[in-house]
Ligand code: HEM
Ligand SMILES: CC(C)=CCC/C(C)=C/CC/C(C)=C/COP(=O)(O)OP(=O)(O)O
């Protein structure tokens, strides 16, 4: 009888220990998940793609894999730090907006003080990694990205002017500079052009989204363009920036000469679709489906444009384009009585 009750008690204790351990395990998993969410992780891959494009262009298709890894990890840490600081600063409005209410700080899963320590740790790790294994310029640029996003966009502009994302968009374009600087240790014209392309792309990217969620912004008094100026004016400005970004993306080919025909073909196709979608939205400014389509496409556009830069810079692509150009020249010169020399 006694033996029987001892064995039951043992089982009970084991069960309780097991439950406690699995509950602790579950809590730990939730804490990690909350810190992860605090960094707004879905945006980071595209920022890194612009960094990678800068690196490939700067190294003419032959990137040192170790430097690539270091720069992408350093860039991730910097972007994560910037996003955590933004989450801390905006916790009041994030609590009010439907889209952001369940973020870790407004939902009470992470305390502000802990988030601040996390942001400082991420920023310090990024600076150290980039300064030690890439170079000081890349590290300082990444830090300027954090300061610009937090100090200029989030603090000075976001709540005060409908031009917030135009000027603030510069923060999102800095990762492209980080990539170029990590390879060369300086910033030259192609790096600034890549910066300009991301900068000009940001208004169509963001305002298309803002058109869909303008009520949320209006509720918390954020003067996003669709709230202040209405749909027609917003779609007009989206159209203007799309008209600027597409030709800007072609300047890599001429006059800069850092990208070739492969990139040119990709940029032309992508640009035409971007213009078509922005034009359609301009014709129907209140059509949410079109706004959603443009927002989604803007992400695909930047992803593929940067991929185009990378593919074009690869030595194999360069060889193929040279061979293609030579063959074309031979073919053309074989045509008799051409009115011009080849
Ligand atoms: C000031 C500039 C920018 C503003 C205000 C802005 C704003 C936003 C907002 C509010 C969202 C929705 C996020 C959510 O639902 O939580 C978003 C999505 C996104 N943004 Fe931007 N953005 C900016 C610049 C950029 C840049 C420079 C990039 C990368 C190059 C980028 C990449 C993305 C991506 C990939 C998404 C989709 C995330 C998902 O899958 O939900 N954004 N952006
Ligand atoms: C080099 C470096 C570290 C650069 C920083 C790049 C960076 C973090 C860009 C973020 C751009 C972005 C998604 C802004 C949205 O902010 P929001 O506050 O309007 O978005 P929300 O409404 O979703 O909170």
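The values are calculated or read from the model by the stated rules, or taken from the named source; none is laboratory data. Note that the coordinates shown come from a computational prediction; the quantities given were computed from them, not determined experimentally. No Cβ is skipped: glycine too gets one built from the backbone with ideal geometry, and neighbour counts run over all protein chains shown.
Structural remarks
- Taking first residues from region 144-164 that are under 22 Å from residue 214 (Cβ atoms) and partners that are assigned to a helix (DSSP H, G or I) and within 7 Å of ligand 2 (Cβ to nearest atom), the Cβ contacts under 6 Å between residues at least 6 apart in sequence or on separate chains come to 153/171; 154/86.
- Here the condition is being touching a residue at least 12 places away in the same chain (Cβ under 8 Å), within 11 Å of ligand 1 (Cβ to nearest atom) and within 30 Å of residue 129 (Cα to Cα); of 174, 222, it holds for 174 alone.
- Test: residue in region 22-40 that is surrounded by fewer than 20 Cβ atoms within 10 Å (Cβ to Cβ), in contact (Cβ under 8 Å) with a residue 40 or more places away in the chain and outside any helix (DSSP H, G or I): yes
- Residue 277 meets the conditions (1) buried (at least 21 other Cβ atoms within 10 Å of the Cβ); (2) within 16 Å of ligand 2 (Cβ to nearest atom); (3) without any contact (Cβ under 8 Å) to a residue 40 or more places away in the chain in every case but one. The failed one is (2).
- Helices (runs of 4 or more DSSP H) within region 162-242 that include 2 or more residues outside the structural domain of residue 140 (by TED's automatic domain parsing), surrounded by fewer than 24 Cβ atoms within 10 Å (Cβ to Cβ) and within 15 Å of ligand 2 (Cβ to nearest atom): 189-212, 214-219
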